Amino acid sequence: MSDKKRFVLIDKDRRQRCADWALHSAPDGWHATFSEPTRTLEQNAAQWPILTAFSTQIMWPVNGHMVKMSEDEWKDVLTAAFRRETVRLAMGLDGGVVMLGQRTSGFGKREFSDWLEFLHATAAARGVVVYEDARKP
């Protein structure tokens, strides 16, 4: 028997099949988890032109110097802002600072949609021009 069984609850029939399987076929000790669908590949792709626009258009203070940050560095800063900057900071192994728990990979579809809206609003508020084709100037 497979070590996973997945049901997508999209209608009454599928819900019934899920319930029947849980009652009659699920081995003892198995766990049931119900969760919102995760972000789509399209949603994931949609964030990168925005992050690229930030990385090419805005200088930001890092270690006391104004620099251009990478898309991933902007993602860290903007994710912290999206979370209202209520992040946990840990001391790094060599004395630096590390932000904990700032990941978008765990966002469901709804939260990722809110994240994309936040990115667009923040870009507009800071005068960042977003091109769908991230290779444009």
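Show the residue pairs meeting these rules: Cβ distance below 8 Å; 6+ apart or different chains; first residue within the range 4-21 and more than 19 Å from Glu36 (Cβ to Cβ); second residue surrounded by 13 or more Cβ atoms within 10 Å (Cβ to Cβ).
Arg17/Phe7; Trp21/Lys5; Trp21/Phe7
Looking at Thr33, Thr38, Thr52, which is the one that is loosely packed, with under 10 Cβ neighbours inside 10 Å and hydroxyl-bearing (Ser, Thr, Tyr)?
Just a single option satisfies the conditions, and that option is Thr33.
Can you name every residue in the range 38-53 that is within 15 Å of Val130 (Cβ to Cβ) and without any contact (Cβ under 8 Å) to a residue 12 or more places away in the chain?
Listed by number, the list holds a single entry, Ala45.
Can you tell me which residue in the range 62-91 is farthest from Thr104 (Cα to Cα), limited to those that are of a type in the set (Gly, Ala, Ser) and open to solvent by 40 Å² or more (accessible area, probe 1.4 Å)?
The residue in question is Gly64.
Restricting attention to the range 93-116, and to residues there that are open to solvent by less than 80 Å² (accessible area, probe 1.4 Å) and assigned to a helix (DSSP H, G or I), which single residue is farthest from Trp48 (Cα to Cα)?
Only one residue fits best here, namely Glu111.
Being in contact (Cβ under 8 Å) with a residue 40 or more places away in the chain and of a type outside the set (Gly, Ala, Ser) is the filter here, so list the residues in the range 22-37 that pass it.
Across the range 22-37, the qualifying residues are Glu36, Pro37.
State yes or no: is Ser2 at negative phi and either at pLDDT 90 or above or acidic (Asp, Glu) (or both)?
Judged against the criteria, Ser2 is not a match.
The values are calculated or read from the model by the stated rules, or taken from the named source; none is laboratory data. It should be emphasised that the depicted structure is a prediction, and the values quoted were computed from it without experimental measurement. Note that we place each Cβ from the backbone using ideal geometry, even for glycine, and neighbour counts take in every protein chain shown. For the accessible areas, the whole protein counts, side chains as well, though only heavy atoms, and no ligand, DNA or RNA atoms are used. Shrake-Rupley method; radii C 1.70, N 1.55, O 1.52, S 1.80 Å.
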